[in-house]
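Presented below is the structure to which this report refers.
The values are calculated or read from the model by the stated rules, or taken from the named source; none is laboratory data. If you're wondering where the values come from, they're calculated on a predicted model, not measured in any experiment. Here the Cβ is made from the backbone with ideal geometry for all residues, glycine too, and neighbour counts use every protein chain on show. With ligands, DNA and RNA removed, areas are computed over all heavy atoms of the protein, side chains included. Shrake-Rupley method; radii C 1.70, N 1.55, O 1.52, S 1.80 Å.
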2 protein chains.
Amino acid sequence: MNRSYDVAIIGSGSAGLSALREVRKQTDNFVLINDGFYGTTCARVGCMPSKTLIEAAIAFHRCKALGSFGMGGAEGLVVDIPAVLRRVRRLRDGFVAGMLKLTDEMKEHSIAGRARFLEPQILAVGERRVHAKKIIIATGSRPVVPKEWAALGTRMLTSDDLFEQETLPSRMAVIGMGALGSEIAQALARLGIEVTGFGSDEHIAGLSDPDVNRQAVALLRAEFAIHLGQAAEPVIEGERIRVHAGNESAVADKVLVALGRRPNVDQMGIENLGIELDKHGVPPFDARSMQIAGLPVYIAGDASRHLPLLHEALDEGYIAGYNAPRNEPVCFERRVPLAIVFTDPGIAVVGQSFKTLNEDEIVIGEVDFSSQARARMAEVNHGLLRVYAERSSDRLLGAEMCAPQGEHLAHLLALAVQRKLTVRELLGMPFYHPVLEEGLRTALRDAASKLGGAAAPDLGYCDRMGADAID
Amino acid sequence: MNRSYDVAIIGSGSAGLSALREVRKQTDNFVLINDGFYGTTCARVGCMPSKTLIEAAIAFHRCKALGSFGMGGAEGLVVDIPAVLRRVRRLRDGFVAGMLKLTDEMKEHSIAGRARFLEPQILAVGERRVHAKKIIIATGSRPVVPKEWAALGTRMLTSDDLFEQETLPSRMAVIGMGALGSEIAQALARLGIEVTGFGSDEHIAGLSDPDVNRQAVALLRAEFAIHLGQAAEPVIEGERIRVHAGNESAVADKVLVALGRRPNVDQMGIENLGIELDKHGVPPFDARSMQIAGLPVYIAGDASRHLPLLHEALDEGYIAGYNAPRNEPVCFERRVPLAIVFTDPGIAVVGQSFKTLNEDEIVIGEVDFSSQARARMAEVNHGLLRVYAERSSDRLLGAEMCAPQGEHLAHLLALAVQRKLTVRELLGMPFYHPVLEEGLRTALRDAASKLGGAAAPDLGYCDRMGADAID
């Protein structure tokens, strides 16, 4: 009953499975402890179903605008919300099944149940005692639901319930205009639901650049009502819910609460690690090794509350899983930050965000997509992109955007920031024509001119016999 | 009447205007000689109207597939081809107007008429003699129309005429499955025209990778008939045209001839430069300085027949315009090759193409988009992408693809190739989730595993006190 392992992994979500992959390379004497569902947050209730719903909403929205291309009949298009949700679940179930197959193989290495720390190397799972030389906490997170919203009962949804609905009501309030709130509110509005969004902050979707935020808010407001800057609270009015925020209010049949997620580290005896926790109840750890305060304990994924993004959870699982079976942990360079919100136009923050930079030390290059050629051809000419470059080094440090196909521009910028390129070096790549990347080039050239390189060519000079090599 | 200039630029298209911008920085004593239309090939009859038409066709095609998302009414959508073409011309006219404004300002520096070389530094324009210390040839190109097709008269269109049509007939043949032929044939088919495409080669759209080409042909063939590998020829049958190619034939009301473009250097006394021309009648030049064979004459843009792409024409204009006013030409590094064809999925060739590589010296990484998660969510899960990496250096050399949102993946790859990154270095960037770039990552990981780095992490190790720094 009681066994001793080299490594115990608590949680079989994205981070836990990523850790598992590395742990197995070093030892067969490991155990995976999981409570409740198998399948990851990402596949079950996160990235996968949300983006599937969003793609349906984008497709419908584009089609409603078909008239501007010289086509007719768009007024006859109708959304069948139950059918849209069935498709979301059908695809979602396929993504989840991919995960479950992996965990099924693992049966002899698995324990079902909730793990509690008794000591840094001893866990209790029900009656069982699990001793492990190293333990990885990969317990994920759950939606934050303040009690006034929880009191709405079945009229309150979170991302855990949203995709399980057979249908959706005609009026919904979305509480929280962060990444999930912004993208889902827009998608629901595009599917024909009367949506009102509430955000306690003036900034939405993780943006910190005031100009980009203003554009993003304006573009979303053109599609649904948004009240920002005041905390929202619900009042039940018979069958309906009235959501108040300052002087504003809106009536809804159901409310989607999107107020962020909290790490699942609160019911696992984390206090028995014998170290001080931060205000979120999370133990201190080194983000480059994922080790908790010199203990034989590692943390990864949403549980760390560090970067609750799938690709970061996989990296953290990788790092924890690489280090746990080894005597001494190794330190890894984390990737350049990249956060994408799947609104349309797409919102993204790449590298250093505006708020982390000192305006005296940077120049800002900008492009407004309203007159960008390719964006006009595709009738998606909305949005603003701003790039931040360091005055002293000419290096590109980051960008914020609300831009057509922003997710792709964000990846291009992420590579440039990751490789520590200067603005001029990035301008040295080919930009085809006519493409949205030419909009990014406009922003880069704007930055280059402010860096004092206005007359400098994008092309590099080369050395050769018989020609002056300059620069 | 006869004047002597520092620089004469022949042609006011994209390359000529790009050259002009640089020449003006060095001298006011220049002249721009232009025959016929003002406005560039790109804006008038090339990139701009074609991509505007293609965006309409893509929008319509996506909407016809709305049922797969759980929406109804798509069967009632109709294309109004005259309206689609009017929109193309309306946007096109706006793009051209942007160009004309620039050339209007230039009136006192302009001569209207056809320039002919009398000597390397003397041009005839009608009765006028223009002496110039340096001359830039930027005369562009025109569609190739073999005489058997020209004989069809108004039933034969090229890209010069296509966008001027009030409407289009119900059956069209497209002759030539290069970049323009492939993308326009697909667009016309999506707009409801019965299209048959003919290509004399088995490869389409500039692809050289047999696997990618096979996928691209199959995907296009699912939308319209394509006959490859045989030269096509027309036979007039009363009101109709029958196009024969080997044992295949198809009937059409009009034919679009897309057999490439020839440089406009054949009626300008080019023989009076006193140098041997290549088989296309183009004088030899150095692509890094754009100078013609040691003469005080430069060439740029489609006229050079080097890389008939807008972004390359601008670079060549820049180089020629930079060098012409100076005593000694400077040599520039050209950008990494990038060719995009706006089919859907998008076709692209980045860096070194398959055919330029020795298979023994490379590994090939591959991804099939049919099961890629994000592509499935957006119902665009078709296509193949292959990356080529050098065995000896692990460097990414190039890629060919027919992939969803291929143009964006192509730019990301172009930056990587331009910066001479290894596959591992490119894998070090963040890949968000769920995005199409994860498909590219699959191909990169495939290549990395063949380079012997299967177990290597994407994350870099970092040095720090107290941890083993490895790698």
Residue identified as of a type in the set (A, V, I, L, M, F, W, C) and under 19 Å from A:Asp161 (Cβ atoms) among A:Val45, A:Val31, A:Val7 = A:Val45
Surrounded by fewer than 18 Cβ atoms within 10 Å (Cβ to Cβ) and either of a type in the set (Gly, Ala, Ser) or away from chain B (no Cβ under 14 Å) (or both), is that true of A:Glu328?
-> no
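Looking only at segment A:394-424, count how many residues are at pLDDT 95 or above and part of a helix (DSSP H, G or I). Let's see the steps before the verdict.
Pass one, segment A:394-424, residues at pLDDT 95 or above: A:394-423.
From what's left, part of a helix (DSSP H, G or I): A:406-418, A:423.
Qualifying residue count, segment A:394-424: 14.
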Selection count, segment A:1-57, where residues are more than 17 Å from A:Ile137 (Cβ to Cβ), assigned to a helix (DSSP H, G or I) and within 20 Å of the chain's Cα centre (by Cα) | 14
Does segment B:294-325 hold any residues that are touching a residue at least 12 places away in the same chain (Cβ under 8 Å), at positive phi and open to solvent by 10 Å² or more (accessible area, probe 1.4 Å), and which are they?
-> B:Arg305
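Okay, residues lined up against (1) within 14 Å of chain B (Cβ to nearest Cβ); (2) surrounded by 23 or more Cβ atoms within 10 Å (Cβ to Cβ); (3) out of contact with any Ser or Thr (no Cβ under 6 Å at 6 or more places or on another chain); (4) touching a residue at least 24 places away in the same chain (Cβ under 8 Å):
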site	(1), (2), (3), (4)
A:Val349	yes, yes, yes, yes
A:Lys355	no, no, no, yes
A:Val363	no, no, yes, yes
A:Glu366	no, no, yes, yes
A:Ser371	yes, no, yes, no
A:Leu384	no, yes, yes, yes
A:Tyr388	no, yes, yes, yes
Kindly indicate whether B:Met156 is over 29 Å from B:Ile292 (Cα atoms), hydrophobic (A, V, I, L, M, F, W, C) and open to solvent by less than 50 Å² (accessible area, probe 1.4 Å).
-> yes
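Conditions (1) part of a strand (DSSP E or B); (2) more than 14 Å from chain A (Cβ to nearest Cβ); (3) open to solvent by less than 30 Å² (accessible area, probe 1.4 Å); (4) free of Cβ contacts under 8 Å to residues at least 12 places away in the same chain, marked per residue:
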| position | (1), (2), (3), (4) |
| --- | --- |
| B:Val235 | yes, yes, no, yes |
| B:Val243 | yes, yes, yes, no |
| B:Ser249 | yes, yes, no, yes |
| B:Asn272 | no, yes, no, no |
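If you take the residues of segment A:426-449 that are out of contact with any helix residue (DSSP H, G or I) (no Cβ under 8 Å at 6 or more places or on another chain) and either under 24 Å from A:Met377 (Cα atoms) or modelled with pLDDT of 95 or more (or both), which of them is most open to solvent (accessible area, probe 1.4 Å)? First the steps, then the outcome.
First pass over segment A:426-449, keeping only residues out of contact with any helix residue (DSSP H, G or I) (no Cβ under 8 Å at 6 or more places or on another chain): A:442-443, A:446, A:449.
Imposing the further condition that a residue be either under 24 Å from A:Met377 (Cα atoms) or modelled with pLDDT of 95 or more (or both) reduces the set to A:442-443, A:446.
Working: A:Thr442: 71, A:Ala443: 0, A:Asp446: 42 Å².
The selected residue is A:Thr442.
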Of the residues in segment B:162-201 that are open to solvent by 10 Å² or more (accessible area, probe 1.4 Å) and of a type in the set (Ser, Thr, Tyr), the one that is farthest from the chain's Cα centre (by Cα) is B:Ser170
Residue by residue through segment A:341-384, note down the ones that are of a type in the set (D, E, K, R) and in contact with a strand residue (DSSP E or B) (Cβ under 6 Å, 6 or more places away or on another chain).
-> A:Glu366, A:Asp368
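Could you please find all residues in segment A:357-393 being in a strand (DSSP E or B) and of a type in the set (A, V, I, L, M, F, W, C)? Write out each step before concluding.
Initial filter on segment A:357-393 (in a strand (DSSP E or B)): A:362-368, A:384-390.
Passing the criteria: A:Ile362, A:Val363, A:Ile364, A:Val367, A:Leu384, A:Leu385, A:Val387, A:Ala389.
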Segment B:251-283, residues that are more than 28 Å from the chain's Cα centre (by Cα) and not assigned by TED's automatic domain parsing to the domain that holds B:Arg116 | B:Val251
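In segment A:38-74, which residue that is aromatic (Phe, Trp, Tyr) and either in contact with a strand residue (DSSP E or B) (Cβ under 8 Å, 6 or more places away or on another chain) or more than 9 Å from every other protein chain (Cβ to nearest Cβ) (or both) is least open to solvent (accessible area, probe 1.4 Å)? Give the steps one after another, and end with the answer.
First, pick out the residues of segment A:38-74 that are aromatic (Phe, Trp, Tyr): A:38, A:60, A:69.
Within this subset, residues satisfying the condition of being either in contact with a strand residue (DSSP E or B) (Cβ under 8 Å, 6 or more places away or on another chain) or more than 9 Å from every other protein chain (Cβ to nearest Cβ) (or both) are A:38, A:60.
Details: A:Tyr38: 67, A:Phe60: 15 Å².
Ranking the qualifying residues of segment A:38-74, first place goes to A:Phe60.
Every residue in segment A:82-109 that is in contact with a Leu (Cβ under 8 Å, 6 or more places away or on another chain) and either free of Cβ contacts under 8 Å to residues at least 12 places away in the same chain or surrounded by 21 or more Cβ atoms within 10 Å (Cβ to Cβ) (or both), please. It would help to see each step written out before you state the result.
Applying the first criterion (in contact with a Leu (Cβ under 8 Å, 6 or more places away or on another chain)) to segment A:82-109 yields A:84-85, A:88, A:99, A:102-103, A:106, A:109.
The answer is A:Val84, A:Leu85, A:Val88.
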